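The values are calculated or read from the model by the stated rules, or taken from the named source; none is laboratory data. Since the model is a prediction, treat every value here as computed from it, not as a measurement. Ideal geometry is used to build each Cβ from the backbone, glycine not excepted, and the neighbour counts take in all protein chains shown.
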Amino acid sequence: MNQPDVSLPTAPYLSEPGASEATSLYIDGQWRAARNGRVREVLNPADASVLTIVSEGGRPDTEAAIAAARRAFDTGEWRRTTADERGRVLERIADLLQRDREEISVMESLDTGKTIEEGGIDVDDVTNVFRYYAGLADKDAGRVVSAPEGVHSKVVYEPVGVCGMITPWNYPLLQLAWKMAPAIAAGNTMVIKPSEITPVTTCKLVELATEAGVPAGVVNLVLGSGPDAGAPLSEHRDVDLVSFTGGLVTGRRIMASAAETVKTVALELGGKNPNIIFPDVDLDTAVDYALSAAFFHSGQVCSAGARLIVHNDIHDAFTTELARRAEAIRIGRGQDEGVRCGPLVSAEHRAKVEAAVARGVEEGARIIAGGKRPDDPELSRGYFYRPTVFVDCDRSMDIVQTEVFGPVVTVERFETEAQAIELGNDTDYGLSGGVWTNDTGRGERVAAALRHGTVWVNDYGPYFPGAEWGGYGRSGIGRELGLAGLDEYREAKHIYRNLAPEPQRWFG
Ligand code: NAD
């Protein structure tokens, strides 16, 4: 049963449905309309209604934003801020996020379809990321390097410059924070381009950064499609770094176009993440975590445990229980009490998930839960899809190898530890994986052998701001979070000083 409507909080950059104007681009310290005056309808994925109207920027807007970021970096006051001042700005952003926690949770829920509770978890996680980099900002000013007498040698860290940041629709606030917080800590300027279908909390975070004292031109925001508003960030010679989170195909395109100007590229791409279950675990607990790993945020999570690899001895009991509980998951609007799975983000995305499921059936995989849209007429206008479990899967299948990015989990069988490791590594990706066993040695061995950027032992999903996140293989390049996450936004410079220069006469 639906509860009363929760409406989108109002903000100057969000226009009412039906409006023909919007000022949602933030360039050089001003909220602006797109140069060509275009707008875009942002839809609520739970019922396809228009949630808000925002500006639809294009190449000229992005070029203006790059110019503003360049000016702010090359000649603005930002260059003269100290690292501890930038740390205080980050601390203020964290405080403001907590002040507006409820409002932001509702925005993220309505825009992406996730539950308000999940939106709140995102705000708390993001707050911690800002606090972590606030603390780190002034902790490492460089080092003196061992040098012969008469020479002083030091390595200092400097900001990379103008950073382009392109983010996806599944975690709009969180993915931006992972880039923005270390970039500010290191003293960069930036142009942000969120996914065109979920721009709301990105606007909000930019607003909070301004309130926290980030000077004009340091944080710029363009909205619009990838090819129009996003592409200049990888192409333009005045952008020094492009950091992208999104799909493999787009990532490849961005890397290729960034090669032209040899800019630094950071990529956080997809995953098809193994979750390996040995037979010595408590079945109830392992099934419980397997459900969360696969179906949290309706499986639209880059690190989703979408590929279960279950020991033969427990396979049947495990999958029977998994299917039973998957069928019982409450689907609905993310704003309604008790809902656990919201809609998929768009009609196009649901169509892709449905096509992947149909392919899986053609390949011979068997559905034991879900595999279709919910019957509930109240959900018929939204982009809902039921949590789906496939058994009789093997590694050659497309449904096992290709990221679906929806509420779909496949189950393969294994017999030996070596087989489990081989299957877990049999992927083009390498973002994350889980292993469940009560044998400590086995847990350590498997964790060491998996070629993935994060491995959870007897858990699935948590991350810490202080621990690096990123992918092996085609899951990406570089790391976000942790110390390496700050290094992405710094150049190391060696300064060598001769304290008593005398002629060397090398050339007589
Ligand atoms: P996507 O690649 O379609 O789009 C991501 C962003 O790129 C959007 O802002 C889009 O507008 C922009 N874009 C598209 N074409 C572009 C171009 N030519 N130039 C510049 N920008 C362009 O991805 P998506 O569908 O929004 O997100 C889902 C994908 O993101 C999944 O594959 C998921 O695994 C991945 N993801 C990875 C992580 C991670 O941490 N590794 C986190 C979240 C999501």
- Meets criteria (assigned to a helix (DSSP H, G or I) and either more than 9 Å from the ligand (Cβ to nearest atom) or in contact with a Cys (Cβ under 7 Å, 6 or more places away or on another chain) (or both)) for R131: yes
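Name every residue in the stretch 473-486 that is away from the ligand (no atom under 11 Å from the Cβ) and buried (at least 16 other Cβ atoms within 10 Å of the Cβ), in order of residue number. Don't jump to the end; show me each part of the working.
First, the residues of the stretch 473-486 that are away from the ligand (no atom under 11 Å from the Cβ): 473, 482-486.
Hits for the stretch 473-486 are G473, G482, G485, L486.
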- So which residues in the stretch 365-395 are of a type in the set (D, E, K, R) and either farther than 19 Å from V339 by Cβ or touching a helix residue (DSSP H, G or I) at 6+ places or on another chain (Cβ under 9 Å) (or both), if there are any at all? R366, K372, R373, R386, D392, D394, R395
- Note on the structure: From the option list Y489, Y463, single residue qualifying as away from the ligand (no atom under 11 Å from the Cβ), over 16 Å from K272 (Cβ atoms) and at pLDDT 95 or above is Y489
- Message: Looking at G150 and the list (1) more than 7 Å from the ligand (Cβ to nearest atom); (2) free of Cβ contacts under 8 Å to residues at least 24 places away in the same chain, which single condition is not satisfied?
- Response: (2)
- Count, please, the residues in the stretch 336-394 that happen to be hydroxyl-bearing (S, T, Y) and not in a loop (DSSP other than H, G, I, E, B). 1
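Quick check on the stretch 456-464. Is at least one of its residues assigned to a loop (DSSP other than H, G, I, E, B), among the aromatic types (F, W, Y) and surrounded by fewer than 23 Cβ atoms within 10 Å (Cβ to Cβ)?
Within the stretch 456-464 (the criterion being assigned to a loop (DSSP other than H, G, I, E, B), among the aromatic types (F, W, Y) and surrounded by fewer than 23 Cβ atoms within 10 Å (Cβ to Cβ)), the answer is yes, since at least one residue qualifies.
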- Task: Give just the number: which of (1) crowded, with 17+ Cβ neighbours inside 10 Å; (2) of a type outside the set (D, E); (3) under 25 Å from the mean Cα position of the chain (by Cα); (4) farther than 19 Å from L233 by Cβ does Q98 not satisfy?
- Result: (1)
- Requiring at least 1 residues that are free of Cβ contacts under 8 Å to residues at least 40 places away in the same chain, surrounded by fewer than 18 Cβ atoms within 10 Å (Cβ to Cβ) and touching a Leu at 6+ places or on another chain (Cβ under 9 Å), the strands (runs of 3 or more DSSP E) wholly within the stretch 11-89 are 39-43, 50-55
- Provide a single number: the residues in the stretch 193-229 that are in a loop (DSSP other than H, G, I, E, B), buried (at least 20 other Cβ atoms within 10 Å of the Cβ) and of a type in the set (S, T, Y). 2
- Task: Collect the residues in the stretch 224-240 that are within 15 Å of the ligand (Cβ to nearest atom) and closer than 25 Å to P159 by Cα, keeping them in residue-number order.
- Result: A229, G230, A231, P232, L233, S234, E235, H236, V239
